[in-house]
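The values are calculated or read from the model by the stated rules, or taken from the named source; none is laboratory data. Everything numeric here is computed off the predicted structure, so don't read it as measured data. In this analysis, Cβ positions are derived from the backbone assuming ideal geometry, glycine residues included, and neighbour counts consider all displayed protein chains. Side chains are part of the model used for accessible areas, which takes the heavy atoms of the whole protein and leaves out ligands, DNA and RNA. Shrake-Rupley method; radii C 1.70, N 1.55, O 1.52, S 1.80 Å.
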Amino acid sequence: MDACLELLLLNKHPLYSLELYQKKIIWEELEYPQNPKYYIWGEYIHLVECPIPRTIRDYLPPSFAKEEWVCFSVKGQVLDLLELEVNGSDIDWKERTLDSLFKLLLTPQNKWVVVFDWQCDQIDKIYNLNITDCISTLRNNLKYENSREDFIVLST
């Protein structure tokens with residue numbers, strides 16, 4: 001799936017419970033980092049720190065736009081697997097679901113933003129939701145029978 005899923009957090013504190021990974025090569029007994037560092041949540045979910053896409057910042061209301069956000073792009077197989085799951089397939093997440101990651105990362109935040117964008121360049125709706133309703137909105141958006149929308153969720 002080519003959709004974009006980003007999390008904007010005010011701080012990285014809850015990420016300390018995730019595994020930090022960076023590919024390295026060793027040459028003549030020296031380690032050389034390759035690619036950016038990323039956080040791992042289970043087998044299927046990677047969080048890569050990235051700049052906030054300008055299109056997202058333009059949609060934030062003033063009270064959110066003024067914040068110094070840390071943006072993470074959610075990578076890995078998570079969206080493909082979540083889409084399969086909400087449409088009836090059994091997925092063995094090994095207790096590391098996207099739902100549990102959202103709760104882990106978003107609960108300690110005073111403010112947070114979740115962006116789901118099919119086209120990675122436009123937003124159809126902006127919601128003010130709690131974490132549970134945010135997860136539900138994402139899951140419903142992945143059901144085959146529902147029309148798909150690009151959205152931003154602002155914490156309530």
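Largest GNM mean-square fluctuation among Tyr32, Tyr127, Tyr44, using the chain with Cα springs under 10 Å: Tyr32.
Per-residue ellipticity at 222 nm from helix content only, as computed over the chain with -39500 (n - 2.57) for each DSSP H run of at least four residues, stands at -6500 deg cm²/dmol.
Once the Cα-Cα distance is subtracted from the 0.36 nm per residue extended length, the Leu10 to Lys94 segment shows a gain of 27.4 nm.
Judged by the gyration tensor of its Cα atoms, with axes a ≥ b ≥ c, the stretch 1-52 is prolate; a/c meets the 1.5 cut and a/b is the larger of a/b and b/c. In the context of the full set of protein chains, the chain has a per residue accessible area of 57 Å² (1.4 Å probe).
Partners of Lys23 within straight-line reach, counting lysines whose Cα lies under 19 Å from its Cα and excluding those fewer than 8 residues away in the same chain: Lys37, Lys75. Taking the stretch 59-79 and a reference point 7 angstrom along Cα→Cβ of Ile126, the backbone N atoms nearer than 20 Å belong to 59-72.
The label point for Leu20 and the one for Ser147, both projected 7 Å from the Cα toward the Cβ, are 4.5 nm apart. Applied to the stretch 56-61, the Karplus parametrisation 6.51 cos²θ - 1.76 cosθ + 1.60 on θ = phi - 60° returns per-residue 3J(HN,Hα) values of 6, 4, 5, 8, 6, x Hz, with x for Gly and Pro. Bridges between two residues of the stretch 55-156, per DSSP, are antiparallel at a rate of about 45%. Just the protein heavy atoms count here, and of the accessible area of the chain at 1.4 Å, carbon and sulfur take up 47 percent.
Think of the chain as having a plus end and a minus end, set by charges on the Cβ of Lys, Arg, Asp and Glu; of Gly88, Val74, Asn110, Asn110 sits farthest toward the positive end of this dipole.
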